[in-house]
1. So which strands (runs of 3 or more DSSP E) are wholly in region 104-202 and hold at least 3 residues that are open to solvent by less than 30 Å² (accessible area, probe 1.4 Å) and within 11 Å of the ligand (Cβ to nearest atom)?
2. Can you tell me which residue is farthest from the ligand (Cβ to nearest atom) among those in region 53-74 that are closer than 24 Å to Ala182 by Cα and part of a loop (DSSP other than H, G, I, E, B)?
3. Quick one: is Asn39 open to solvent by 10 Å² or more (accessible area, probe 1.4 Å), under 18 Å from the mean Cα position of the chain (by Cα) and among the polar types (S, T, N, Q)?
4. Suppose we filter region 11-52 for residues that are in contact with a Pro (Cβ under 8 Å, 6 or more places away or on another chain) and assigned to a loop (DSSP other than H, G, I, E, B); how many remain?
5. Report yes if some residue within region 89-98 is charged (D, E, K, R), over 18 Å from Ile178 (Cβ atoms) and open to solvent by less than 30 Å² (accessible area, probe 1.4 Å); otherwise report no.
6. Being among the aliphatic types (A, V, I, L, M) and within 16 Å of the ligand (Cβ to nearest atom) is the requirement here; does Ile99 meet it?
7. When you go through (1) touching a residue at least 12 places away in the same chain (Cβ under 8 Å); (2) more than 15 Å from the ligand (Cβ to nearest atom); (3) on the phi < 0 side of the Ramachandran plot one by one for Gln43, which number turns out not to apply?
8. Taking Ser14 and the conditions (1) open to solvent by 30 Å² or more (accessible area, probe 1.4 Å); (2) closer than 16 Å to Pro180 by Cβ; (3) touching a residue at least 40 places away in the same chain (Cβ under 8 Å), which numbered condition does it fall short on, given that it satisfies the others?
Amino acid sequence: MKYRLAVLASGRGSNLQALINAIKERKLEAEIAVVISDNPCAQALSRAKEHGIPAFTAERKDFQTRELFEQFILDKVREYKCDLVCLAGFMRILSPYFINNSPVKIINIHPSLLPAFPGLHAQKQALDYGVKYSGCTVHFVDEGTDSGPIILQAVVPVYDADTEETLAERILNEEHRIYPEAVKLVLEGKVEVRGRRVVRLEG
Ligand code: GRF
């Protein structure tokens, strides 16, 4: 049985593309069942369409309440029988309503070594702080901002000459590598959450 993913994205969609590529290369035995964006101009939507993946736009302004907006997304997750929700540059904080009503787990990728630099502009935060290493984190989504249990991380060096763009690009390469890996671990039940820790199961 192939696992089915829902991917939520607001922009460029390069992490969506990394998942599509990993599936095509048979590194991930899954299919992307549905892509949902809150931004009608998101490149993620055109990437989905190019690959024949059902894609929907849900603009927050078209729903009277946040709950109705989130309900629309949850309905798609159910309708497309998804096994996991992957946030990939989804620029909206999901409310406790979404998290508590989701039939499946939700994971996110963030461009810093959490718990350092949560929230927006993580690469700029890292440069401004002056860290010598940064990276990316895949984590389960809980009710906080970028605060859920950590599944995988990857580290990159920060160089003196870095700009936000050069650092973001170095981190992005690692994002594209670890996101499919983390999705695979979660889908195949190879990890278990014990308190704050995500531990690898044997076998
Ligand atoms: C990535 O840096 C991701 O870590 C963050 O948003 C960005 C999305 O990029 N959450 P893309 O849309 O996947 O190219």
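The values are calculated or read from the model by the stated rules, or taken from the named source; none is laboratory data. Please read these numbers as outputs of a predicted model, since none were measured by experiment. Heads up, the Cβs are rebuilt from the backbone with ideal geometry, glycines too, and the neighbour counts pull from every protein chain shown. When the accessible area is computed, the model is the full protein with side chains, heavy atoms only, and any ligands, DNA or RNA have been set aside. Shrake-Rupley method; radii C 1.70, N 1.55, O 1.52, S 1.80 Å.
1. Once the strands (runs of 3 or more DSSP E) in region 104-202 are filtered for at least 3 residues that are open to solvent by less than 30 Å² (accessible area, probe 1.4 Å) and within 11 Å of the ligand (Cβ to nearest atom), what remains is 105-110, 133-140.
2. Narrowing region 53-74 to residues closer than 24 Å to Ala182 by Cα: 53-55, 73-74.
Add one more test, that the residue is part of a loop (DSSP other than H, G, I, E, B), and what stays is 53-54.
Values: Ile53: 15, Pro54: 19 Å.
Restricting to residues being closer than 24 Å to Ala182 by Cα and part of a loop (DSSP other than H, G, I, E, B), the top hit is Pro54.
3. Working: open to solvent by 10 Å² or more (accessible area, probe 1.4 Å): yes; under 18 Å from the mean Cα position of the chain (by Cα): yes; among the polar types (S, T, N, Q): yes.
The answer is yes for Asn39.
4. Summing the residues that are in contact with a Pro (Cβ under 8 Å, 6 or more places away or on another chain) and assigned to a loop (DSSP other than H, G, I, E, B) in region 11-52 gives 2.
5. We begin by selecting, within region 89-98, every residue charged (D, E, K, R); these are 92.
Next, only the ones that are over 18 Å from Ile178 (Cβ atoms) stay: 92.
Filter again for open to solvent by less than 30 Å² (accessible area, probe 1.4 Å), leaving none.
Taking every residue of region 89-98 in turn, none turns out to be charged (D, E, K, R), over 18 Å from Ile178 (Cβ atoms) and open to solvent by less than 30 Å² (accessible area, probe 1.4 Å).
6. no
7. (2)
8. Unmet condition: (1).
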